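First up is the structure itself, then whatever we jot down about it.
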Amino acid sequence: MPDLRSVTVHVLGPLVGEMVADTCVRATALSLGKTADDLLPEDLPTLEANVRRLLGPIAPTSTIDSLIADIEGGAV
Amino acid sequence: MSDTAVDKRSVISRTTFAVAGALAALLALFYLLDLQLYAETLSDAAYTAVYVYGIALQPLIAGIILWVAFSFAPGESVRRQWMLIGIAVTMFAIGDVIWMVLELFMGLDPYPSIADIFYSLEYVFFVAAVAFAVKAYSGLVKTRIPLVIGGVVGVVAVAIQYVALLRPYIWAADSGLDGLGVFVSTLYPVGDAIFMIAPAVTLALVIRQLGQGRFAWPWWFVAAGAVVFGLADSWYSYADWAGTGLTAAMDLGWLAANALFAVGALVARDVFKRT
């Protein structure tokens, strides 16, 4: 099963670039006191909250909902 | 063909290609007709028709941007950003219509006039749009350095305007301008530098950090449009004051700039779609 970091970067990368996508993951990991590679499926709610917070100002809610669904589909 | 090329083609809708192509054709036609207008080969009726045609394109372009902006849900940040750009172009279009009525139909000298209020409002709404966009990306990428570099570029551009235009012509003792004339004539070249070129550079440096990310695509068109606007408008001011002659390319510059904003709006509509 692909790890949460890879899935997130795979889903968000084409839209915001891989570097920014990784920033979303690292921000989540930092808030949980983990490294990006240590994120687990149970960390998804925190990741989703971070993705919504960071992408909310630059993309419509419906687009973000779709991205989060893709991340959930790939990570769980 | 590269994967990136295939990717871009599949993301951008046929509607966007069709509307962008139609806009390009309309602008090309205007340019060809405008060349005849400047060559003074047109009859009075044809002159009026070309003049009105060129002016009518600006509300059309503004309408495209506003149509895209309204397609985003109320309360969305992206709606506000594109609404501000749409309003900016609408202000310019209103200024153009007023200019046309004063000059073409009333036989008055439209400079300076109420049209200048609307022309200058494009700066206000455009800067607001870019400010919101840059702030929106501030959580994802670095914005401080782009802001500083944009500011430096703006200062340098103002210095060039001062040396080339303001000191020798507009602020010269024999310019023949009253206080209002000096203010308005100064506003445009300085506005082009501070409110178009500088924000365009800042915006470009911010979205550049997204690499190939699609969410950056619309803003590249906006940055390009702002640079075209700033250069065309500055070129017009210089040509007018230095007496080097006005050209059809200058008229095309304003249209092309706002058309680039419209294409950016259409691309924004596409990149946010998820299938």
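Some notes on this structure:
- Consider segment B:161-195 and keep the residues that are of a type in the set (A, V, I, L, M) and without any contact (Cβ under 8 Å) to a residue 12 or more places away in the chain. The one that is nearest to the other protein chains (Cβ to nearest Cβ) is B:V163.
- Some residue of segment A:33-45 being at the interface with chain B (Cβ under 9 Å from one of its Cβ atoms) and touching a residue at least 40 places away in the same chain (Cβ under 8 Å): no
- Qualifying residue in segment A:49-56 (condition: polar (S, T, N, Q), within 14 Å of chain B (Cβ to nearest Cβ) and out of contact with any Lys or Arg (no Cβ under 8 Å at 6 or more places or on another chain)): yes
Residue by residue, here is whether (1) among the charged types (D, E, K, R); (2) modelled with pLDDT under 95; (3) part of a helix (DSSP H, G or I); (4) within 30 Å of A:S62 (Cα to Cα) holds:
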residue	(1), (2), (3), (4)
B:L26	no, no, yes, no
B:V52	no, no, yes, no
B:A62	no, no, yes, yes
B:W99	no, no, yes, no
B:L108	no, no, no, no
B:V127	no, no, yes, yes
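- Set B:I145, B:I94, B:I149, B:I87: member being in contact with a Ser or Thr (Cβ under 8 Å, 6 or more places away or on another chain), open to solvent by 30 Å² or more (accessible area, probe 1.4 Å), in a helix (DSSP H, G or I) and in contact (Cβ under 8 Å) with a residue 12 or more places away in the chain: B:I149
- Single unsatisfied condition, B:I194 versus (1) open to solvent by 20 Å² or more (accessible area, probe 1.4 Å); (2) farther than 16 Å from B:Y119 by Cβ; (3) part of a helix (DSSP H, G or I): (2)
- Taking the criterion of being within 25 Å of B:M83 (Cβ to Cβ), open to solvent by 50 Å² or more (accessible area, probe 1.4 Å) and in contact (Cβ under 8 Å) with a residue 12 or more places away in the chain, the residues of segment B:17-59 that qualify are B:A24, B:L26, B:P59.
- Scanning segment B:162-191 for residues that are over 15 Å from B:S120 (Cα atoms) and either assigned to a helix (DSSP H, G or I) or in contact with a Lys or Arg (Cβ under 7 Å, 6 or more places away or on another chain) (or both) gives B:Y162, B:V163, B:A164, B:L165, B:L166, B:R167, B:P168, B:Y169, B:I170, B:G179.
- When residues in segment B:203-218 are screened for being closer than 22 Å to B:A69 by Cβ and outside any helix (DSSP H, G or I), 1 of them pass.
- Residue in segment B:249-257 that is over 13 Å from B:L27 (Cβ atoms) and open to solvent by 10 Å² or more (accessible area, probe 1.4 Å) present: no
- Comparison of B:W235, B:W220, B:W241 shows that the only residue that is open to solvent by 50 Å² or more (accessible area, probe 1.4 Å), within 14 Å of chain A (Cβ to nearest Cβ) and either touching a helix residue (DSSP H, G or I) at 6+ places or on another chain (Cβ under 8 Å) or modelled with pLDDT under 95 (or both) is B:W220.
- Of all residues in segment B:120-142, those satisfying the criterion of being open to solvent by 40 Å² or more (accessible area, probe 1.4 Å) and within 25 Å of B:P189 (Cβ to Cβ) are B:L121, B:V124, B:F125, B:V127, B:A131.
- Those helices (runs of 4 or more DSSP H) lying entirely in chain A with at least 2 residues loosely packed, with under 15 Cβ neighbours inside 10 Å: A:18-32, A:44-55, A:61-75
The values are calculated or read from the model by the stated rules, or taken from the named source; none is laboratory data. Values in this document were obtained by computation on a predicted structure and should not be read as measured data. Every residue, glycine among them, receives a Cβ derived from its backbone with ideal geometry; neighbour counts consider all protein chains shown. These accessible areas exclude ligands, DNA and RNA; they are computed on the full protein's heavy atoms, side chains included. Shrake-Rupley method; radii C 1.70, N 1.55, O 1.52, S 1.80 Å.
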